[in-house]
Amino acid sequence: MRKIFIPLIIAGLLLVSTFAALQVARGQEISTPKSEVVINSESLDGNTRQVSAPEGADASNQPLIGFIDSPTAACVQPDPTKDECFLNWYYMSVSADPNYMITMTVALNDFGFVGRYNGFFQTSMYVPYNMNPDGYKVTCGALGSSGDPKWGKAYAYTIRARDSAGLGSANYGTSFCPAYTP
Amino acid sequence: MSHRFRISLLIFTIFAGLFLAWGVVQAAPALQASPGETGLAMLATPPPLPEQPAKELPDISFIDSPSASCTLPRENTGVCLLTWSYLYVDGGSNNIITMTVGIDDKARARYDGFFQTSMYVPSEMTSFRVPCGAPGVGGDPNWGANHNYVIRARDSAGLKAANYGTATCPADIPARNFLPLLTR
């Protein structure tokens with residue numbers, strides 16, 4: 001009888017450790033928010049813009065949040081003797097009418113969130129370049145560090161907006177900077 | 001030569017001949033002359049195709065970059081600011097991919113388009129430090145250095161526009177601070 005117990009215990013332990021390893025592996029997945037469903041998406045020349053809705057919500061009956069308008073992603077090196085570049089956008093604008101705009105956020109993928117604009121009983125949001133006149137300071141990087149031999153570093157960015165109906169909009173793009181050549 | 005080999009050669013020749021004849025029959029309709037056309041005319045050089053109207057590509061516009069200015073915000077620093085009133089380019093129905101600014105053969109700014117058919121860059125986003133230069137260094141004794149610039153734009157159809165210009169700066173050199181020589 002005792003002889004049976006030992007293999008059973010070993011088998012049980014092996015089973016438990018296998019499940020634990022599986023859980024760890026699943027936890028390491030890059031998670032996309034499961035509660036969001038993309039309902040409109042466009043891509044052009046490495047840039048993508050999307051509108052998403054909460055999973056299960058009937059987005060067809062709701063007025064959609066618009067695409068975020070974020071033209072002219074600029075990376076400027078004011079002083080060529082310094083490894084300092086400044087990222088900015090001409091403006092960022094989005095409308096959720098008749099829903100309220102809750103937030104619009106800017107994230108540089110290398111750093112995380114760098115800006116958050118909070119709505120206040122407003123159905124649209126407009127953020128001009130001069131609300132952040134200096135832009136976001138980043139390093140220009142060495143020549144070719146983005147993979148393009150003529151330019152310095154490239155910064156991937158994500159601009160997100162969310163309205164009071166839970167609809168979201170996001171822009172994914174990349175801005176290339178001039179190189180710092182000491 | 002053996003008898004069998006001769007028969008095989010004969011059969012092969014017959015089959016080859018049959019295939020050749022079949023090929024000619026298949027090709028015959030293509031060579032058929034139209035009524036009123038002689039055989040010689042059929043072999044003559046065909047008349048040139050009628051001229052097709054050239055496909056009109058929507059042109060990228062010239063880049064608008066008015067008032068290239070070089071100003072000296074603070075004297076005795078030797079630092080001038082090169083700016084424009086604005087930069088603007090229109091890609092028509094195509095999207096603008098990039099607009100870039102280069103000063104004295106060095107890339108200084110890149111503006112990336114994002115689903116836009118035109119690009120407007122305001123003055124505040126085009127401010128570049130350049131050395132003012134000593135008086136006369138650019139050739140005019142009343143002024144400082146000349147800086148060459150190139151502004152380029154490219155659209156999604158691969159069309160390009162470029163502006164080449166020169167901005168002359170006020171003369172200014174950094175002030176030298178003469179520290180007193182202290183002896184121990």
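The values are calculated or read from the model by the stated rules, or taken from the named source; none is laboratory data. Just so it is clear, the structure is predicted and the values come from calculations on it, not from any experiment. Methodologically, a virtual Cβ is constructed for each residue, glycine included, from the backbone with ideal geometry; neighbour enumeration extends over all protein chains shown.
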Next on the checklist: Here is a list: A:PRO98, A:PRO71. Which entry is part of a loop (DSSP other than H, G, I, E, B) and free of Cβ contacts under 8 Å to residues at least 24 places away in the same chain?
Outcome noted: A:PRO71
Next on the checklist: Please pick out the residue among A:GLY152, A:GLY144 that is touching a residue at least 12 places away in the same chain (Cβ under 8 Å), in contact with an Asp or Glu (Cβ under 9 Å, 6 or more places away or on another chain), assigned by TED's automatic domain parsing to the domain that holds A:VAL114 and more than 30 Å from A:PHE120 (Cα to Cα).
Outcome noted: A:GLY152
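Give me the residue from the range A:44-58 that is more than 14 Å from chain B (Cβ to nearest Cβ) and surrounded by fewer than 19 Cβ atoms within 10 Å (Cβ to Cβ) and, out of that set, modelled with the lowest pLDDT. Quick ask: steps written out before the conclusion?
The initial filter retains those residues of the range A:44-58 that are more than 14 Å from chain B (Cβ to nearest Cβ), namely A:52-58.
Keeping just the survivors that are surrounded by fewer than 19 Cβ atoms within 10 Å (Cβ to Cβ) gives A:54-58.
On the way: A:PRO54: 85, A:GLU55: 81, A:GLY56: 76, A:ALA57: 70, A:ASP58: 66.
Result: A:ASP58.
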Next on the checklist: I need a count of the residues in the range A:18-43 that are within 14 Å of another protein chain (Cβ to nearest Cβ) and at pLDDT below 90.
Outcome noted: 1
Checklist entry - Of the residues in the range B:81-94, how many are at the interface with chain A (Cβ under 9 Å from one of its Cβ atoms) and under 25 Å from A:ASN47 (Cα atoms)? => result 0
Checklist entry - If the Cβ limit is 8 Å and pairs must be 6+ apart or interchain, which residue in the range A:157-182 that is away from chain B (no Cβ under 14 Å) pairs with which residue that is of a type in the set (Ser, Thr, Tyr) and in a loop (DSSP other than H, G, I, E, B)? => result A:ASP163/A:TYR100; A:SER164/A:TYR100
Item to check | Positions within the range A:79-107 being of a type outside the set (Ser, Thr, Tyr) and more than 14 Å from chain B (Cβ to nearest Cβ), in sequence order | outcome: A:ALA96, A:ASP97, A:PRO98, A:ASN99, A:MET101, A:ILE102, A:MET104, A:ALA107
Checklist entry - How many of the residues making up the range B:139-148 are under 31 Å from the mean Cα position of the chain (by Cα) and part of a loop (DSSP other than H, G, I, E, B)? => result 1
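Out of the residues in the range A:59-68 meeting the condition of being more than 8 Å from chain B (Cβ to nearest Cβ) and at pLDDT 90 or above, tell me which one is nearest to the chain's Cα centre (by Cα). So that I can check it myself, show each step before the final result.
Our first condition is that a residue be more than 8 Å from chain B (Cβ to nearest Cβ); within the range A:59-68, this holds for A:59-66, A:68.
From what is left, the residues that are at pLDDT 90 or above are A:65-66, A:68.
Numbers: A:ILE65: 17, A:GLY66: 17, A:ILE68: 13 Å.
Among residues in the range A:59-68 that are more than 8 Å from chain B (Cβ to nearest Cβ) and at pLDDT 90 or above, the one nearest to the chain's Cα centre (by Cα) is A:ILE68.
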Checklist entry - Does any residue in the range B:95-109 that is facing chain A (nearest Cβ under 7 Å) come within less than 7 Å, Cβ to Cβ, of a residue that is of a type in the set (Gly, Ala, Ser) six or more places away or on a different chain, and which pairs are these? => result B:ASN95/B:GLY113; B:ASN95/B:SER156; B:ILE97/B:GLY113; B:ILE97/B:SER156; B:ALA107/A:ALA179; B:ARG108/B:GLY102; B:ALA109/A:ALA74
Item to check | Residue that is surrounded by the most Cβ atoms within 10 Å (Cβ to Cβ) [pool: residues in the range B:147-184 that are among the hydrophobic types (A, V, I, L, M, F, W, C) and without any contact (Cβ under 8 Å) to a residue 60 or more places away in the chain] | outcome: B:ALA171
Checklist entry - Being over 16 Å from A:PRO78 (Cα atoms), buried (at least 22 other Cβ atoms within 10 Å of the Cβ) and in contact with a Pro (Cβ under 9 Å, 6 or more places away or on another chain), is that true of even one residue in the range B:68-80? => result no
Item to check | A:VAL76 being within 14 Å of chain B (Cβ to nearest Cβ) and under 16 Å from the mean Cα position of the chain (by Cα) | outcome: no
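In the range A:117-133, what residues are in a loop (DSSP other than H, G, I, E, B) and either at pLDDT 95 or above or more than 10 Å from every other protein chain (Cβ to nearest Cβ) (or both)?
Filtering the range A:117-133 for residues in a loop (DSSP other than H, G, I, E, B) gives A:119-123, A:132-133.
Passing the criteria: A:GLY119, A:PHE120, A:PHE121, A:GLN122, A:THR123, A:ASN132.
Results for (1) in the same structural domain as A:THR158 (by TED's automatic domain parsing); (2) over 24 Å from B:PHE128 (Cβ atoms); (3) in contact with an Asp or Glu (Cβ under 8 Å, 6 or more places away or on another chain), shown as yes or no for each residue.
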| residue | (1), (2), (3) |
| --- | --- |
| A:ASP45 | yes, yes, no |
| A:ARG49 | yes, yes, yes |
| A:GLY56 | yes, yes, no |
| A:PHE67 | yes, yes, yes |
| A:THR72 | yes, no, yes |
| A:GLN77 | yes, no, yes |
| A:TYR91 | yes, no, yes |
| A:MET104 | yes, yes, no |
| A:ASN118 | yes, yes, no |
